[in-house]
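The values are calculated or read from the model by the stated rules, or taken from the named source; none is laboratory data. Worth saying up front: this structure is predicted, and the values here are computed from it rather than measured. When we count neighbours, we look across all protein chains shown, and the Cβ atoms used for this are built from the backbone with ideal geometry, even at glycine. Remember, those area values only see protein heavy atoms, side chains included, never the ligands or the DNA or RNA. Shrake-Rupley method; radii C 1.70, N 1.55, O 1.52, S 1.80 Å.
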Amino acid sequence: QVQLVESGGGLVQAGGSLRLSCAASGRTLSSYAMGWFRQAPGKEREFVATISRSGGSTRHADSIRGRFTISRDNARNTVYLQMNSLKPEDTAVYYCAATSARVAEVPREYDYWGQGTQVTVSS
């Protein structure tokens, strides 16, 4: 098993930046492809980005492409989400997740989830 803990969320003005981190403990992170998802109040959890075990392959949702970047440092057992040019519609709880499968964009493909970190973007 792997335990995931997100950090780095907070309140930021529109146009600002945040970097989220997801630290893993337990099994080594390099055993998993990783993903970031987000969920706004009253909405379903939506895919943000995913990265392969080695970090050589990534996918980003259309809504954030060009503004957000997923990356990972397997030596540090950590995955990151760099978020630039933030918009009020990016406000949500952000979750990282681990999957034994290849990169995946669907929540049900993921085996382990963190507790989430709140990101609030003010206009």
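For the stretch 1-68, the strands (runs of 3 or more DSSP E) that sit wholly inside it and include 1 or more residues that are within 14 Å of residue 97 (Cβ to Cβ) and of a type in the set (Val, Ile, Thr) are 2-7, 46-51.
For the stretch 59-68, the set of residues classified as under 24 Å from residue 31 (Cα atoms) and either open to solvent by less than 100 Å² (accessible area, probe 1.4 Å) or hydrophobic (A, V, I, L, M, F, W, C) (or both) consists of 60, 61, 68, listed by residue number. Scanning the stretch 30-41 for any residue that is on the phi > 0 side of the Ramachandran plot and not β-branched (Val, Ile, Thr) turns up nothing.
The criterion of being surrounded by fewer than 18 Cβ atoms within 10 Å (Cβ to Cβ) and under 18 Å from residue 1 (Cα atoms) does not hold for residue 88.
For the stretch 5-24, the count of residues that are touching a helix residue (DSSP H, G or I) at 6+ places or on another chain (Cβ under 7 Å), of a type in the set (A, V, I, L, M) and surrounded by fewer than 20 Cβ atoms within 10 Å (Cβ to Cβ) is at least one. Checked against the criteria, residue 87 does not count as without any contact (Cβ under 8 Å) to a residue 60 or more places away in the chain and either within 19 Å of residue 17 (Cβ to Cβ) or more than 13 Å from the chain's Cα centre (by Cα) (or both). Taken as a whole, the structure places residue 71 among residues that are out of contact with any Ser or Thr (no Cβ under 6 Å at 6 or more places or on another chain), surrounded by 14 or more Cβ atoms within 10 Å (Cβ to Cβ) and of a type in the set (S, T, N, Q).
Cβ-Cβ distances below 7 Å connect the following pairs, each with a first residue in the stretch 55-76 that is closer than 18 Å to residue 107 by Cβ, a second residue that is in a loop (DSSP other than H, G, I, E, B), and a separation of six or more residues or different chains: 59/103; 59/105.
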